[in-house]
1. Inside segment 44-140, counting only helices (runs of 4 or more DSSP H) that do not spill past its ends, which hold 3 or more residues that are surrounded by 10 or more Cβ atoms within 10 Å (Cβ to Cβ), under 26 Å from the mean Cα position of the chain (by Cα) and without any contact (Cβ under 8 Å) to a residue 40 or more places away in the chain?
2. I'm told Asn147 meets every condition in (1) of a type outside the set (A, V, I, L, M); (2) closer than 30 Å to Leu70 by Cβ; (3) surrounded by 10 or more Cβ atoms within 10 Å (Cβ to Cβ) except one. Can you identify the failing condition by its number?
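All of the numbers you see were taken from the coordinates with simple rules; none came from a lab. All values derive from a computational prediction rather than experimental measurement. Backbone-built Cβ (ideal geometry, glycine too); neighbour counts: all protein chains shown.
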Amino acid sequence: MGMIENLFGTLFGGDRNLVRDTVEVFRENAEAGADRGAKAQSQAMNQYGEEFSAPVKGGFDKFMDGVNRLPRPALALGTLGLFVSAMVAPLWFAERMQGIALVPEPLWWLLGVVVSFYFGARHQVKTQEFQRSIVETVKLAPKVVENIEMISRLRSDSVGVASPGFDARLSTQALGAEDNLALREWLEGR
């Protein structure tokens, strides 16, 4: 009995388990892995929540948000204002355009870069939304084709539209001669 006890003491004694330790070299401990996964997910969710929590904005932050919203409407309204001013006061407009003609070309390039970067991000977002809407529309194509085929079958000039189908009573009524007074009067009048 002492030899077996020594063997088990060697394998499992001293707060260790030789079998478990050996197996964990080749396979992860499921319980420890689940614990690590839960901790990682909890930390990620906490970080995500902190990132998107709405901080209390001060007056300066609110002012800067308002300033960031001004360029697009200012450019659009300014451009419309130029068209109006060209019609209302052509001489005043011509004087201003002569001043713009003096702006050096590198400054125009710089303005183009600034405007491109500013509007480029918005354009990319709108393009992605447009592509998503195209995908949704393409998904509807089979139903649209089916509806068009069904509607075209209802046209009066399509073949077989007046066919009674398998309804025998309707077939005999369609083939049977009826007395049509208006048709008889018309034929007699010819």
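1. Values: elements: 59-68, 71-88, 90-101, 105-139.
Those helices (runs of 4 or more DSSP H) span 105-139.
2. (2)
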